[in-house]
Amino acid sequence: YAAKHSGQGTAFFSPELAAGRQQRLSLEAKLHHALTAGELQLNYQPVWELDSGRIIAVEALLRWRDDEGHMISPATFIPVAEEIGLMGALSEWVIEEAARQLASWREAGLELTMGVNLSVSQLQGPEAARAIHDQIVALGSDPRWWLLELTEEAVMKTPEAVMEAMRLLSDAGFRLALDDFGRGYSSLARLQAMPLHTLKIDKLFVDSLQEEVPDDRVVRTVVELARQFSLRVVAEGIEHIEQAQQLAKMGCSFGQGFWVSPAIPASEIPALMQGRVSPMH
Ligand code: C2E
Ligand code: MG
Ligand code: MG
Ligand code: MG
């Protein structure tokens, strides 16, 4: 690409690009290793009810500390896992780990919903959906305790096979969420046809509430859309109490963000649930 568009035949071999390619190759090799070497971990970010301050759910988020101790972001390694065909194994690991954690919290009396992010590449058809269902049930979990998150962007680009998988999961009792909502290009026809439970408003629009020239139009529109479709709304990326207050006033019921907590190790969740978030009303 660089060589073609820069007008310089040498651009493709620039040291920067060579380094990028090298980094990429080593990332692929390291990722294979990470999965078996126990370098991956799930951290959990709480989701709370804005009105009551009650923590009702957590979202499981992948963390990878490589053998040199560097934290690598899922935004960096998930696309690589996708390209090298490692997403299936990775998703299986995530579900198993999250299911075990959920079972242990439920045994301790914590009534949490478990949110996990799925890639649409893992949902190509009914067999894939059945595999997820069977894995979760085999681990002693009830599908109704789960929120399966798919990004709006991915779902809207996706073939009918994924819709079929979503319907099967929903019929089995799983709750489904569109993640990063507002960033993709939702077709209202698709939205109407999908068995959704939750819309997660992207952080971008929660940020807009706090800008120098505040803009609440997208949040208001999504809340109204959700009301019409009888869906739950979760606002992502709440970093300030003012945002939580505004969101609650606009009719958004649930929130997630650094204002309460980033994703943390499972062992820290019970203590966080004891002290409650300050209610908005
Ligand atoms: P996501 O599912 O939208 O997850 C929310 C992201 O926003 C997380 O980033 C979280 O740490 C971040 N976040 C939450 N609240 C705040 C806040 O108040 N401020 C800021 N600055 N950030 C906040 P993270 O953990 O880096 O994950 C990035 C994305 O990687 C996720 O976005 C999700 O799409 C993907 N991902 C993470 N774990 C998994 C996984 O197990 N499977 C799949 N397929 N994707 C995953
Ligand atoms: Mg998510
Ligand atoms: Mg999101
Ligand atoms: Mg995201």
Would you please name the residue that is surrounded by the most Cβ atoms within 10 Å (Cβ to Cβ), looking only at residues in segment 99-110 that are out of contact with any Leu (no Cβ under 6 Å at 6 or more places or on another chain) and either in a helix (DSSP H, G or I) or without any contact (Cβ under 8 Å) to a residue 12 or more places away in the chain (or both)?
Leu102
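Okay, residues lined up against (1) in contact (Cβ under 8 Å) with a residue 40 or more places away in the chain; (2) crowded, with 19+ Cβ neighbours inside 10 Å; (3) more than 9 Å from ligand 1 (Cβ to nearest atom); (4) aliphatic (A, V, I, L, M):
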residue	(1), (2), (3), (4)
Arg24	yes, no, yes, no
Glu28	yes, no, yes, no
Pro46	yes, yes, yes, no
Glu59	yes, yes, no, no
Gly69	no, no, yes, no
Pro74	no, no, no, no
Glu82	no, no, no, no
Gly88	no, no, yes, no
Pairing a residue in segment 175-200 that is within 11 Å of Val155 (Cβ to Cβ) with any residue that is within 15 Å of ligand 3 (Cβ to nearest atom) and among the polar types (S, T, N, Q), where Cβ atoms lie under 6 Å and the two sit 6 or more apart in sequence or on different chains, gives Ala177/Thr198; Asp179/Thr151; Asp180/Thr151
Give me a count of the residues in segment 39-83 that are within 18 Å of the chain's Cα centre (by Cα) and in a loop (DSSP other than H, G, I, E, B).
1
Single unsatisfied condition, Ser104 versus (1) within 16 Å of ligand 2 (Cβ to nearest atom); (2) more than 30 Å from Glu28 (Cβ to Cβ); (3) not aromatic (Phe, Trp, Tyr):
(1)
Of all residues in segment 184-225, which are in contact with a Lys or Arg (Cβ under 7 Å, 6 or more places away or on another chain) and surrounded by 15 or more Cβ atoms within 10 Å (Cβ to Cβ)?
His197, Thr198, Asp202
Can you name every one of the helices (runs of 4 or more DSSP H) wholly within segment 179-281 that holds 3 or more residues which are more than 15 Å from ligand 4 (Cβ to nearest atom), aliphatic (A, V, I, L, M) and in contact with a Phe, Trp or Tyr (Cβ under 8 Å, 6 or more places away or on another chain)?
217-228
Where residues in segment 228-252 are among the polar types (S, T, N, Q) and buried (at least 19 other Cβ atoms within 10 Å of the Cβ), which of them is nearest to Glu149 (Cα to Cα)?
Gln243
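Quick note: the coordinates plus some simple rules give every number you see, no bench work behind them. Computed from a predicted structure; not experimentally measured. Methodologically, a virtual Cβ is constructed for each residue, glycine included, from the backbone with ideal geometry; neighbour enumeration extends over all protein chains shown.
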